[in-house]
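Before any comments, here is the structure.
The values are calculated or read from the model by the stated rules, or taken from the named source; none is laboratory data. Remember, it's a predicted structure, so these values are computed and weren't measured experimentally. Cβ: placed from backbone, ideal geometry, glycine included. Neighbour counts: every protein chain shown.
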Amino acid sequence: MSEHDAQAWASRPVASAQSGPELVAQPSTTLSEASREVLLNAAIMAPTPDNSQPWIFKLIEEGFELWLDPQRLGMFFDISNLCTAMAAGALIENITVQAAALGLATHYVLHPGHAEKIASFRFEPAVGTQWGSLGPSCIYRRCTDRELYDRSRALSDDAVARLRACITAQDAYGCQIYTGAACRRAIGLMTTIDALRFSHERVHKDFYRQLRFGEAAANTRDGLAERTLGLGRLLTAALRLMRPWWLSRALNVLGLNVLSALRATWLPCRSAPCLVALTHHGPCDYVEAGRVMQRFWLHATELGISAQPFGALTFFLARLHLAAGEGFSACQVAALHRVEAGFAEITPEFKSGRDQIIMIFRLGYAPKAPARSYRRPLADFVATLPEEAR
Ligand SMILES: Cc1cc2nc3c(=O)[nH]c(=O)nc-3n(C[C@H](O)[C@H](O)[C@H](O)COP(=O)(O)O)c2cc1C
């Protein structure tokens, strides 16, 4: 594991979802089969990069271990598995919310030195106050909503205050909400990044590997099902045609990448009453950041607010700073620096080169219900690993 991998996974040695009185280590308790199944079902509802669902669970008496499935990793976007680390944080948040509803306190240990073993969980009857106020139903209602939103319907001040509070309650996290001119500027910056994304061969090939046209998603139960993209029939057909990289590259010369970015990012963001950036002061622990992101997303769901994350800027900047821009041309590196500087201008709390963008979301109210993404059946994720792999 490289230095930046280790840094990315670094975390407190033992974390507890219990706020309230400190728990003294208890003798381990056996987790019932029924509770384990409920917890794992909540876990796999977590968002993952391009719906890759790269999880393996190994069952132990007091809980389970979370491992990564190496077959489902390796996207360009997912530099040093940081995107997956955030997804693992989201999974942990789902588990703690679900456990609290079962009257259980969640304890987990992260394994930052291990390439594939991410965390070990154990559970015990909750003592004292449980963290948070979310019910588990929002775990199942949360989704990535890529439909156009109703721009005329702004978020209420109360909703904004509640969303902001669930981020700023954590030390070192910031929440910047963009409306008006700042929002237009943020959309311009994100559209620039998206045009870069559409002109990048490795990103293109990863994207098409994850796209599922027609009935394919119903069979694989993973990846990006075409109906979740919010594109409509004509554009979906065009997307299908653009699969060969040579064709996309040739049409990019005529500006296809810019047109694609306008449809994939500019238009959806313009349809939203606001954008929000979650930031972290200084280098961040991406697993913890994923927990915070998911807490925000679950709260938005609870408030009936639709959300779509935009991860390209986060993970392209991570690649720029942690891997010296490996995989980008000099021109793309310069564009990334310009976008980061522009982002800092509209985000007073954010300092380029020092702070991290955790995630940018567009938020709003969608006139129609979104199509939901698939999950593989729970049994697919549960494995008994050989002893020597532990
Ligand atoms: C770290 C991270 C980054 C993501 N980035 C994007 C993104 O840039 N654009 C997008 O539309 N969805 C993005 N997603 C959402 C995933 O594609 C989505 O979670 C997955 O397809 C499963 O769908 P669901 O969220 O509706 O359950 C991201 C998810 C995660 C966890």
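Among the numbered conditions (1) more than 24 Å from LEU68 (Cβ to Cβ); (2) away from the ligand (no atom under 16 Å from the Cβ), the only one that ALA366 does not meet is (2). Exactly one residue out of SER271, SER260 is modelled with pLDDT of 95 or more, over 18 Å from the mean Cα position of the chain (by Cα) and buried (at least 21 other Cβ atoms within 10 Å of the Cβ): that is SER260. When TRP246 is tested against (1) within 20 Å of the chain's Cα centre (by Cα); (2) surrounded by fewer than 19 Cβ atoms within 10 Å (Cβ to Cβ); (3) aromatic (Phe, Trp, Tyr), only condition (1) is not met. In the set (1) in contact (Cβ under 8 Å) with a residue 24 or more places away in the chain; (2) in contact with a strand residue (DSSP E or B) (Cβ under 8 Å, 6 or more places away or on another chain), ALA159 fails one condition alone, (2).
Residue by residue, here is whether (1) modelled with pLDDT of 95 or more; (2) in the same structural domain as LEU39 (by TED's automatic domain parsing); (3) assigned to a strand (DSSP E or B); (4) touching a Phe, Trp or Tyr at 6+ places or on another chain (Cβ under 6 Å) holds:
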| site | (1), (2), (3), (4) |
| --- | --- |
| GLY304 | yes, no, no, no |
| PHE315 | yes, no, no, yes |
| VAL333 | yes, no, no, no |
| GLU340 | yes, no, no, no |
| MET359 | yes, no, yes, no |
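Among the residues of the stretch 288-298, some residue qualifies, meaning at least one is within 27 Å of MET45 (Cα to Cα) and either over 18 Å from the mean Cα position of the chain (by Cα) or among the small types (Gly, Ala, Ser) (or both). Does any residue of the stretch 272-279 turn out to be over 22 Å from ALA371 (Cα atoms), near the ligand (Cβ under 9 Å from one of its atoms) and hydroxyl-bearing (Ser, Thr, Tyr)? The answer is no; no qualifying residue exists. Hey, could you check the stretch 136-179 for residues that are within 16 Å of the ligand (Cβ to nearest atom) and basic (Lys, Arg) and say which is nearest to the chain's Cα centre (by Cα)? Among them, the one singled out is ARG142.
Within 16 Å of the ligand (Cβ to nearest atom), touching a Leu at 6+ places or on another chain (Cβ under 9 Å) and not assigned by TED's automatic domain parsing to the domain that holds ARG72: is that true of THR192 in this structure? Spelling it out, it is not the case that THR192 is within 16 Å of the ligand (Cβ to nearest atom), touching a Leu at 6+ places or on another chain (Cβ under 9 Å) and not assigned by TED's automatic domain parsing to the domain that holds ARG72. When you check ALA182 against the structure, is it in the same structural domain as HIS337 (by TED's automatic domain parsing), surrounded by fewer than 14 Cβ atoms within 10 Å (Cβ to Cβ) and away from the ligand (no atom under 14 Å from the Cβ), yes or no? Criteria not met by ALA182. A count restricted to the stretch 219-247 and to residues that are more than 21 Å from ASP78 (Cβ to Cβ) and in a helix (DSSP H, G or I) stands at 15.
Looking at LEU278, LEU298, can you tell me which residue is outside the structural domain of MET45 (by TED's automatic domain parsing) and either assigned to a strand (DSSP E or B) or under 18 Å from ILE187 (Cα atoms) (or both)? Step through it out loud before you land on a result.
On the way: LEU298 fails: either assigned to a strand (DSSP E or B) or under 18 Å from ILE187 (Cα atoms) (or both).
Going through LEU278, LEU298 in turn, just one is outside the structural domain of MET45 (by TED's automatic domain parsing) and either assigned to a strand (DSSP E or B) or under 18 Å from ILE187 (Cα atoms) (or both): LEU278.
Return yes when ARG243 is away from the ligand (no atom under 16 Å from the Cβ) and either hydroxyl-bearing (Ser, Thr, Tyr) or in contact with a helix residue (DSSP H, G or I) (Cβ under 8 Å, 6 or more places away or on another chain) (or both) and no when it is not. In short, yes. Here the stretch 58-71 is the region considered, the condition is being touching a helix residue (DSSP H, G or I) at 6+ places or on another chain (Cβ under 8 Å) and surrounded by fewer than 22 Cβ atoms within 10 Å (Cβ to Cβ), and the residue that is nearest to SER120 (Cα to Cα) is LEU59.
Yes or no, residue by residue, for (1) touching a residue at least 40 places away in the same chain (Cβ under 8 Å); (2) more than 16 Å from the ligand (Cβ to nearest atom); (3) out of contact with any His (no Cβ under 7 Å at 6 or more places or on another chain):
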{"site": "ALA312", "(1), (2), (3)": "yes, no, yes"}
{"site": "PHE315", "(1), (2), (3)": "yes, no, yes"}
{"site": "ARG319", "(1), (2), (3)": "yes, no, yes"}
{"site": "VAL333", "(1), (2), (3)": "no, yes, yes"}
{"site": "LEU336", "(1), (2), (3)": "yes, no, yes"}
{"site": "THR347", "(1), (2), (3)": "yes, yes, yes"}
{"site": "ILE358", "(1), (2), (3)": "yes, no, no"}
{"site": "ALA371", "(1), (2), (3)": "yes, no, yes"}
{"site": "PRO377", "(1), (2), (3)": "yes, no, yes"}
